[in-house]
Amino acid sequence: MEKVEQAKRKKRVKKRNRFIFRSAILVVLFGALVFAIVSNLTAEEETAVDKNEQAPDFQLDRVANNGDAVESSLQLSDLEGKGVMLNFWATYCEPCEREMPYMEELYPKYKEQGVEIVAVSVDATELVIDKFVDHYNLSFPILHDKDSQVLDAYGIVPLPTTYFIDENGVVVDRVLGELSLERLESYLQEIVPKGT
Amino acid sequence: MNIMKCSTCGHQNKEGTTICEKCGKPLDNDQQGTLLNMRYDGSAIRSKTKNRSIVDKIWNFFSSVKIGVTLITIALVASALGTIYPQEMYIPQNVDPALHYRDQYGILGQIYYQLGFHNLYNSWWYMVLIALIGISIFIVSIDRGVPLYKALKNQAIKRHPNFLKRQKLFGEYTDYNTDDKTQFINNLKKHRYKISEEDGHILAEKGRFSRWGPYVNHLGLIIFLVGTLFRFIPFMYVDDFVWVREGETAVIPSTNQQYYIKNEEFIFETYGNDDEDAIFEEALQNTSGPVPKHFETNAVIYEDVSRDVIGSDPELKEVKSGEIIVNEPLKINGLALYQDSYQLNEFQTMSFKLHEVDDEEEEAIVEFTVDLTDPESEYVFDNGYRIELNRYYPEYELNNGEPRSVSNYPRNPGFVFFVYGPDIEEREASFLAIGQNIPSGDNQYKLSLTDFGVRDVSGLKIRKDLTLPIIGLGAFIFMVGVIQGMYWQHRRIWIHQAADSMYIACHTNKNWYGLTREFEKMIDGTSFTMVRDQEKKNDS
Amino acid sequence: MDLISLSGGLLYTAFVIYLIAVIFFAATIRDKQHEKKFTLMNKLAIGTTILGFIAQVGYFFTRWMASGHAPVSNMFEFVTFFGMMLVLAFIILYFIYRIELLGLFALPVALLIIGYASMYPREISPLVPSLKSHWLYIHVTTVALGEAILAVSFVAGMIYLIRQINQSQTTAKTTWLEVIMYSICATLGFVIMTTIFSSMDYNATFSYVVDEEEMTLDYQLPALFGPENGELTTEDKMDAVFAAPGWLHGAEAPRKLNTLVWSLAAGLLLYLIARAILRQRIAAAIQPLLKKANPELLDEVCYRAVAIGFPVFTLGGLIFAAIWAQEAWNRYWGWDPKEVWALITWFFYAIFLHLRLSRGWHGEKSAWLAVIGFAIIMFNLIVVNLVLAGLHSYA
C-alpha cells in the first residue's frame, strides 16, 4: 500500500512540476507577443519630447530686430518660475504664419501674468525671419535655430509644434499643428504660474 | 492507468509509447506485417499524453505540427496578399495613401487600403501570426526534442525480434559463420559506425547528431525572432535621416546632438562619359535619361566636446573623415551613415548686375553676389548706388497671386530688390526669379542675373542596429541546424543474435537509397545477402 | 568587343550541346537491357552534358570579363544563369542517383529556361551604384543554385506523377498534369513566337494619351491588345484588335498582356497539335516510356533535392540577401515584393519538409508539392519581376 501511495505522490509532484514548467514558458512566450504588439503600436513617436516630461534646456540667439531685445540670446532655464509657451515655426509654413498674430495679441496680457512666449524659427536664413518679424511687428522673443539642434533635441516633426511648459519646466501640453485664438488662450491659462 | 507495461520485459512505459523503452518490443499488439513508426523512436510525445488543465490544452494546441504547418500556410497566403499592390512605404511620400490606392488601382485598390493590406507587414495581426509561429516552434521543439533525446540516449542495444522484423530493411540469416559476422562488423566500423554490443546483440549507429538538426534550427529561429523584438528597445535601434548640403555642417539626428557631419563634397558620376563605358553603349541608348554610375559624400564627422546647453555653439572636434559610398557606410561608435539619396544642383549663390533698361550692351553699373545661405539685406556701393534685398523666397511659388516660399531650400529662389541711387527719386522695385524679371513700374534701371553657383545635397541614412549580432547569431544557428539535419542522416543497424539464426535490420531517418547502397558495401566479403525492403513487398 | 561575341557563341554552343545530350539521354532510356551498368551511351550522355556545362561556364566568365561585373544583373543574365545552375544541380544529383530519366526531363527544362532568357534584351547593361557589391555575385549565384536544386525536385516530382498517375480515366489529377504540360507548351510558344517575329524585325508603335501626356509603346509582336485609346503610328502593321482593359495599370501593361495572350495562344496550338498527333493526353503518351523507372527512387530524389536545395536557398535567398540589404539599403529586410516571395518560397518548402518528415507525406502528395514549389519559384522569377516591380526590377 505504501508503495502505491508513494507512486501516487511522485506522480502528483511530477504533474505539478509539469504544470509550473508549461505555465512559465507560456507566460514568457505570450509576454513577448504582447510586448511586440504594444511596442509596434507605440513605435511611431519615441524620440519626441512629450507631455509630462522635463523640457530640455537650450540656448539660442535672438533675431536682431525683435521686440525689446536687450540680451542677444535666451536660455530656457532662465525662464524658470514662469510659464513658457514654446512655439516651433518657420516663415514658409502657412499655419505658423496664421497663428502668429494671435500670439502677438495675447502676449502682453499673459506676460503680465508670468507667461513668456518663445518662438523658435527653423528657417535657414536670418533675413527671412527679420522681414517676417518686421511685417507682423512681433514683440515676443524670436529665436533662430539655424543648425536645427533644438529641433532635433525636441524631435519635432510637423510645423508648427507648440509646447506649453509650466513654471517647473515640465511639459503640460504638446500641440501638433495650428492653434485657434480660443484654444491658444485656454492653453496659456493652464501654464500661468500658481503663485501669481 | 496511464502506464503501459511491456508484456515481455515488464518495463513500465509512459502512456503513448509505441515501442518499449527497454527491450524495444512493439507495444501495439503486434500487428504483424505493418512497419513500425520510428518517427520519435516510439517514445511518447509529451503532448500526446492526457491533458486536463487549460495550460495543458494550450500547450498541446501549439505542440501540434499540424497547427504549425497551418500557421505557416496562413502566413504564406497573407504575405502573398501584401504583394498584390505596393506597400505604403513604396508609394510616393507626398500623396495621401487613401487617394493613391483608389486612383491607381480602382475599387480593388480601395478595398486593399481599407483592409489595411497597404501596411500588411507592420499590422498587428501579421505580427501575431509570426509570433504564434514562433510560439509553436518553441513548444514543438520542447515537446518532441526532449523525449527523442531521452529515447536515443537510453536506447537498448538488444531489441526484441519483432522490433527488427518490423523495420523497413530486414534480413534473416541462418547460413553464416562467425567470420562473416566479424567481417560485417569490421565493415561497419570502416564506415564509421559506432558499435555497441550486448550478449552478441549489436547496435551500429552513426550520424545521431543529425537528429538534433531540426531542434537546432528551431533554436536559431527563436533567437532570430527574439532579436527582432529587441529592436523595440530604443537604444538598440536607430533609424534616421539627414540632408547635408555641400560645405555645410549638420547635426546628426538621434545622437543627442553629440555628433555633427560636414559634407565636404558630393561626387556624382553617370555612365557614358568614360571610354570604359563603351560596352554599355547599346544598353544606355535604350534607357531614358542618364544612368548613375557612382555617388559618394566626402564627409567629416565631428563630436561636440563642449556638451554645453543645446543650441549654444558646439565645440567641434574631428573624429573621423572619409567617403560614404553606396554599399560602403561610414561607421562611428556603432552608428552607421549610409549614402541614400541626393539632390543635384541646388542654388547656392546668385550674381546680379545693375544696368540701364535702355542700354543694349547692358553695361554693369554695379555687380553683386547674393549668398543664398546667408543673404545680406543691403548691398552698398561706392558710386552711390544701394540695393536692398526686401524679400527673399528660397523656393518661390505664387499662392493666390502672392509670392511665398514653400520651403527653406533655394531650389527656385525669388527676390524683391529695391534699388536706390543718386539719380533715382525714391526707389525702383523689381521682382526676380528664374525666368522672371518684373519691374514695379516704369523703371529706369534693371537688375539681371549674371551668374549662379550650385551645390549638391546628400541624403544620408543614420542607422544603429544593436540587434544585428543577435539576428546574425540566430541565422547562423539556423543554418547550422538545417545543414546538420539535412546533409547528414541518422543510420542504425541492429543485429539480433537468436539461437539458430541472426536478424539484421536497418533504419535511417531519411535517404534510404544511400543506406541500401551502404549496406551493399557492408556485406562485401561476407556471405550475407542483401536485406529485404519490406515496404516494396507491400507495394506489389 | 570580341569577348562579347565569343561569349555569345559559347552560350549558343552550350545550347546546342545540351540538345544533343537530350538525344543521348533518350537513347539510354531505349536500351535498358543492362540495368545497372554504366554503358557507353550513359557516359556519352553525361559527358555531353558536362561539356555543354563547361561551354556555358565559358560564356559566363567571358561575359564577366567583357562587362567587368558578374553577368547576373539583368533578366537575361540571371535566367540564363539559373538554367546553368539547373544543369549543375542535375549533374550533382545524377552522380548521386544515376538516373538517366532525370536528364531526359531536366535538360529540356533547362533548355526552355535558357531559351526563355534569350528573349530578353541581351546587351551588356551598366550597374547602378547599389548593385556594385560583391554581395551581388554571392547572393544571386547562391539563390540561383538553390532554386535550381529545388527545380530538380520539380523535375523528379513531375516524372513521378507521369509515371504513377492512373491515366485510364479523366480525373482531376490527370487534368492538372495536363496543365503542367500545357504550361511547358506555353513557354515554348512564347520562345517560338518571339523568335519568329524578332527575326522579321517586327515593330509596331502605338501612341496614346495618359494624364494629358503623350506616350508611345513599341510592340515586337502583332498587337492583339493595344493601349486604351491607342493609335497605330507605324505603317503597314496590324492595328490592335482589342483595347487592353482600363484596370490594367502600368505603362507597359498592354504590351505585357499582348505577349501573354500570344504565348498562351501559341502554347494552346502546340498542345492541341501534340494531342492530335498522340490521340491521348500528353502525360498518358509519356507514361509507357517510364515503366522501368523506380518510383521510390524518384520520390527520394524529389525529397533529396529539397533537402539539399532548401539550405542553399535559405543561405542565398534570405541570409546573403539580408546581409547585402543591410550593406546597401541599411535594412536587412524591406518587404519588397521579391523579398516577400523569397520568404513565401521558404515558407512553402518548410511546409513541404514538415509534412514529409512529421506527417508522412510521401510519394504523390510530395510530388505535387514539388510542382507547386517550382510554380512559386517561377512566379517569383517572372511575374514578380514583370508585374509587381520593386527594387529587383532591374530588367
Any idea which residue in region A:95-133 is surrounded by the fewest Cβ atoms within 10 Å (Cβ to Cβ), counting only those that are acidic (Asp, Glu), free of Cβ contacts under 8 Å to residues at least 40 places away in the same chain and farther than 25 Å from A:Glu167 by Cα?
A:Glu97
So, C:Val312, is that one in contact with a helix residue (DSSP H, G or I) (Cβ under 8 Å, 6 or more places away or on another chain), within 19 Å of C:Val371 (Cβ to Cβ) and of a type in the set (A, V, I, L, M, F, W, C) or not?
no
Are any of the residues in region B:163-177 surrounded by fewer than 16 Cβ atoms within 10 Å (Cβ to Cβ) and free of Cβ contacts under 8 Å to residues at least 24 places away in the same chain?
no
Residues of region A:137-150 satisfying the condition of being at the interface with another protein chain (Cβ under 9 Å from one of its Cβ atoms) and either among the hydrophobic types (A, V, I, L, M, F, W, C) or within 12 Å of A:Arg62 (Cβ to Cβ) (or both):
A:Leu143, A:Asp145, A:Val150
Residue count, region A:132-147, condition in a loop (DSSP other than H, G, I, E, B) and over 23 Å from B:Tyr259 (Cα atoms), comes to 5
For region C:128-143, how many residues are more than 15 Å from C:Ser67 (Cα to Cα) and of a type in the set (Phe, Trp, Tyr)?
1
Checking the structure you have, find out if any residue of region C:106-121 is farther than 25 Å from C:Lys291 by Cβ, within 13 Å of chain B (Cβ to nearest Cβ) and surrounded by fewer than 23 Cβ atoms within 10 Å (Cβ to Cβ).
yes
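Would you confirm, using the coordinates I've provided, whether C:Phe313 is in contact (Cβ under 8 Å) with a residue 60 or more places away in the chain and among the hydrophobic types (A, V, I, L, M, F, W, C)?
yes
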Does B:Val244 satisfy being under 22 Å from A:Val120 (Cα atoms), more than 10 Å from every other protein chain (Cβ to nearest Cβ) and touching a residue at least 12 places away in the same chain (Cβ under 8 Å)?
yes
Scanning region C:344-374 for residues that are more than 25 Å from C:Thr175 (Cβ to Cβ) and either more than 12 Å from chain B (Cβ to nearest Cβ) or among the β-branched types (Val, Ile, Thr) (or both), which turns out surrounded by the fewest Cβ atoms within 10 Å (Cβ to Cβ)?
C:Ile344
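Test B:Tyr40 against the criterion of being modelled with pLDDT under 80, within 14 Å of chain C (Cβ to nearest Cβ) and touching a helix residue (DSSP H, G or I) at 6+ places or on another chain (Cβ under 6 Å), and give yes or no.
Yes.
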Look through region C:141-177, keep the residues that are surrounded by fewer than 24 Cβ atoms within 10 Å (Cβ to Cβ), hydroxyl-bearing (Ser, Thr, Tyr) and assigned to a helix (DSSP H, G or I), and return whichever of them is nearest to the other protein chains (Cβ to nearest Cβ).
C:Thr142
Does region B:489-511 hold any residues that are within 14 Å of chain C (Cβ to nearest Cβ) and either surrounded by fewer than 22 Cβ atoms within 10 Å (Cβ to Cβ) or in a loop (DSSP other than H, G, I, E, B) (or both), and which are they?
B:Gln489, B:His490, B:Asn509, B:Lys510, B:Asn511
Within region A:98-121, restricting attention to residues that are touching a strand residue (DSSP E or B) at 6+ places or on another chain (Cβ under 6 Å) and assigned to a helix (DSSP H, G or I), which residue is nearest to A:Gly177 (Cα to Cα)?
A:Met103
When A:Val27 is run through (1) surrounded by 11 or more Cβ atoms within 10 Å (Cβ to Cβ); (2) more than 9 Å from chain B (Cβ to nearest Cβ); (3) modelled with pLDDT of 85 or more; (4) more than 30 Å from B:Trp124 (Cα to Cα), the failure sits at (4)
Residue under question is A:Phe30, and the condition is that it be more than 30 Å from B:Leu120 (Cα to Cα), of a type in the set (A, V, I, L, M, F, W, C) and not assigned by TED's automatic domain parsing to the domain that holds A:Gly155; does it hold?
no
In region C:301-311, is there at least one residue being touching a Pro at 6+ places or on another chain (Cβ under 9 Å) and of a type in the set (D, E, K, R)?
no
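If I ask for residues that are at negative phi and among the polar types (S, T, N, Q), which ones from region A:107-142 would you list?
Listed by number, the residues that qualify are A:Gln113, A:Ser121, A:Thr125, A:Ser139.
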Mind checking which residues of region B:308-360 are under 30 Å from B:Ala429 (Cβ atoms), surrounded by fewer than 16 Cβ atoms within 10 Å (Cβ to Cβ) and in contact with a Lys or Arg (Cβ under 6 Å, 6 or more places away or on another chain)?
B:Val357
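Kindly indicate the residue of region B:512-540 that is more than 20 Å from B:His191 (Cβ to Cβ) and polar (S, T, N, Q) and also surrounded by the most Cβ atoms within 10 Å (Cβ to Cβ) among those meeting that condition.
B:Gln534
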Among the residues in region B:135-150, are any in contact with a strand residue (DSSP E or B) (Cβ under 9 Å, 6 or more places away or on another chain) and surrounded by fewer than 19 Cβ atoms within 10 Å (Cβ to Cβ)?
no
Top-ranked residue in region B:449-475 [being surrounded by 16 or more Cβ atoms within 10 Å (Cβ to Cβ) and not in a strand (DSSP E or B); ranked as nearest to the other protein chains (Cβ to nearest Cβ)]:
B:Ala475
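Which residue, of B:Glu376, B:Glu388, is assigned to a strand (DSSP E or B), closer than 28 Å to A:His144 by Cβ, without any contact (Cβ under 8 Å) to a residue 60 or more places away in the chain and not assigned by TED's automatic domain parsing to the domain that holds B:Val244?
B:Glu388
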Cβ pairs under 6 Å, 6+ apart or interchain, first in region A:45-59 and within 11 Å of chain B (Cβ to nearest Cβ) and over 13 Å from A:Phe88 (Cβ atoms), second in a loop (DSSP other than H, G, I, E, B) and modelled with pLDDT under 80, ordered by first then second residue, are A:Asp57/B:Val309; A:Gln59/B:Val309; A:Gln59/B:Gly311; A:Gln59/B:Ser312
B:Asn345 being over 23 Å from B:Asn256 (Cβ atoms) and modelled with pLDDT under 90
yes
Using the structure shown, decide if C:Ala55 is closer than 29 Å to C:Asp201 by Cβ, without any contact (Cβ under 8 Å) to a residue 60 or more places away in the chain, hydrophobic (A, V, I, L, M, F, W, C) and surrounded by fewer than 22 Cβ atoms within 10 Å (Cβ to Cβ).
yes
Can you find, within region B:100-147, the residue that is farthest from the chain's Cα centre (by Cα) among those that are within 14 Å of chain A (Cβ to nearest Cβ) and among the small types (Gly, Ala, Ser)?
B:Gly145
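The values are calculated or read from the model by the stated rules, or taken from the named source; none is laboratory data. Just so we're clear, the structure is a prediction, and the values are computed from it rather than from any experiment. Quick reminder, even Gly has a Cβ in these numbers, built from the backbone with ideal geometry, and neighbours come from all protein chains shown.
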